[in-house]
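None of the figures in this text is laboratory data; all of them are computed from the coordinates on show. Worth saying up front: this structure is predicted, and the values here are computed from it rather than measured. Cβ: placed from backbone, ideal geometry, glycine included. Neighbour counts: every protein chain shown.
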Amino acid sequence: MFSAPERPPRTLSYVEKAFELIKERKNVRDIVILNDAGNPVKSTMDRDDAVQFSGLFQSIRGRLERGMAKIDPTDELLMLRVRTKTNEVLLVPDSKITVLVLQDAQDNFEK
């Protein structure tokens, strides 16, 4: 019988380590880490901005997951990437936390 790989617990130290690793990345402007209830627990934004920002992207996430469930109910969202000319937002959910990253959009090719 197949069993899913065990995921590490999402402790405060796990959240802190993930936050620091992401913060070190080039082009990252803001980070918001949400608990399983969708509330910001760690962020580079002030509390009100983090709540508003995460609420908007959680809404998009919910709509996308409902739409994807109609296509394949056994599938799951691993990452949502939204990009404009100058910004990129990454939403990475798992069973305990969701990570939202706002970064400068960068092209990795020469013009």
Remind me, relative contact order of the chain in percent, using alpha carbon pairs under 8 angstrom and six or more residues apart? 26 percent
Shape of the range 29-111 from its Cα gyration tensor (a ≥ b ≥ c, root eigenvalues): rounded if a/c is under 1.5, otherwise prolate when a/b > b/c, or oblate? oblate
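Output the pairs from LYS26/LYS96; LYS42/LYS85; LYS17/LYS96 with a Cα-Cα distance over 19 Å in this structure; if there are none, say none.
Numbers: LYS26/LYS96 26 Å; LYS42/LYS85 27 Å; LYS17/LYS96 15 Å.
Among LYS26/LYS96; LYS42/LYS85; LYS17/LYS96, the Cα-Cα distance tops 19 Å for LYS26/LYS96; LYS42/LYS85.
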Name the GluC sites (Glu not before Pro) in the range 9-111 that are in a loop by DSSP and that have at most 16 other C-beta atoms within 10 Å, would you? GLU24, GLU76, GLU110
Of LEU34, LEU77, LEU56, which is the most mobile in a GNM of the chain whose springs link Cα atoms less than 10 angstrom apart? LEU56
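Please give the calculated 222 nm ellipticity per residue for the chain, where each DSSP H segment of at least 4 residues contributes -39500 (n - 2.57) and the sum is spread over every residue; nearest 500 deg cm²/dmol?
Numbers: 2 runs with 37 residues, N = 111.
After summing the helix terms and dividing by residue count, I get -11500 deg cm²/dmol.
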